[in-house]
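*Asks:* What follows is a single structure, and I will ask about it in a moment.
The values are calculated or read from the model by the stated rules, or taken from the named source; none is laboratory data. Since this is a predicted model, take the numbers as computed values, not measurements. Backbone-built Cβ (ideal geometry, glycine too); neighbour counts: all protein chains shown. To get the accessible areas, we keep the full protein, side chains included, count just its heavy atoms, and leave off ligands, DNA and RNA. Shrake-Rupley method; radii C 1.70, N 1.55, O 1.52, S 1.80 Å.
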Amino acid sequence: MKRETLTLTGNRPLNSSVFELTFTGASPMSAGQFVELTTEGFFLRRPISVADWEDGKLTLLVRIAGEGTKKMSELRAGDKVDALTCLGNGFDLSAQKPLLIGGGIGCAPLYKLAKDFAAKGIRPEIVLGFRNADETYYVGEFSALGNVTVATDDGSAGVKGNAVAAALGAGKDFDLYYACGPAVMLHALCAADARGQVSLEARMGCGFGACMGCSIKTTGGFRRVCKEGPVFRASEVIWE
């Protein structure tokens, strides 16, 4: 964990509720790690997954879910943000035939993962799930790195259905999957196939393991999403 002052260099909307923030001033981070940003007027920091880090530029994709993230969406170039960076443990890149599965804003941390595999000469299979066509984002960016399937609940873009069905029902060839998205999606995925790694979301008090507020049950006992996670083996998570 590091405490750093980030400088915003860009803020652009990707759809009606998701926006992209780019910063300078952040230390190198791995796919699956996250940061915690201070938001003016709010006591608790907001945890945000790292979408990308390259050549000193940090990219975060944020969905407006409340007043805190709405305040973030109003940041402008040049604004300074106090942040905790280099938090959590990320994905490992051991797969030779990776399958990346994202749901909603859970697609965001898979972007750097896809870039890292592409840098190794591996073009992953990628499934991006959204509720409808209006909520899609980064489809072109992912398509430059892997073989993309878009799934929407209403069929307005790509195939009709959810990301789990699109990923496992299509018989895609993979040796390990990497997934991030809503808990119900990850639960269904782990129940169907445990050959993977899942990035979990949780309400966090501190973000670095002190408060124990984000603990989950695993086969190895209670683990903290912010400290031992947010990435866990699919086979070790006990869903309740």
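*Asks:* Does at least one position in region 129-148 carry a residue that is open to solvent by 40 Å² or more (accessible area, probe 1.4 Å), among the small types (Gly, Ala, Ser), over 22 Å from GLU236 (Cα atoms) and not in a loop (DSSP other than H, G, I, E, B)?
*Replies:* Yes - at least one qualifying residue is present in region 129-148.
*Asks:* Separate question: If you scan region 60-83, which residues turn out to be in a strand (DSSP E or B) and touching a helix residue (DSSP H, G or I) at 6+ places or on another chain (Cβ under 8 Å)?
*Replies:* LEU61, VAL62, ARG63
*Asks:* Somewhere in region 202-220, is a residue touching an Asp or Glu at 6+ places or on another chain (Cβ under 7 Å), in contact (Cβ under 8 Å) with a residue 40 or more places away in the chain and not acidic (Asp, Glu)?
*Replies:* Yes, region 202-220 contains at least one residue that is touching an Asp or Glu at 6+ places or on another chain (Cβ under 7 Å), in contact (Cβ under 8 Å) with a residue 40 or more places away in the chain and not acidic (Asp, Glu).
*Asks:* So, in region 215-240, of the ones that are among the charged types (D, E, K, R) and assigned to a strand (DSSP E or B), which residue ends up nearest to GLY32 (Cα to Cα)?
*Replies:* Among residues in region 215-240 that are among the charged types (D, E, K, R) and assigned to a strand (DSSP E or B), the one nearest to GLY32 (Cα to Cα) is ARG233.
*Asks:* Also: Considering each of SER16, SER73, SER94 in turn, give the residue that is surrounded by fewer than 17 Cβ atoms within 10 Å (Cβ to Cβ), touching a residue at least 40 places away in the same chain (Cβ under 8 Å) and in contact with an Asp or Glu (Cβ under 7 Å, 6 or more places away or on another chain).
*Replies:* None of the other options fit; the residue is SER16.
*Asks:* Can you name the condition, by its number, that GLY41 falls short on among (1) at pLDDT below 95; (2) under 23 Å from HIS187 (Cα atoms); (3) among the small types (Gly, Ala, Ser)?
*Replies:* (2)
*Asks:* Can you tell which of SER27, SER16, SER94 is in contact with a Cys (Cβ under 8 Å, 6 or more places away or on another chain) and in a loop (DSSP other than H, G, I, E, B)?
*Replies:* SER27
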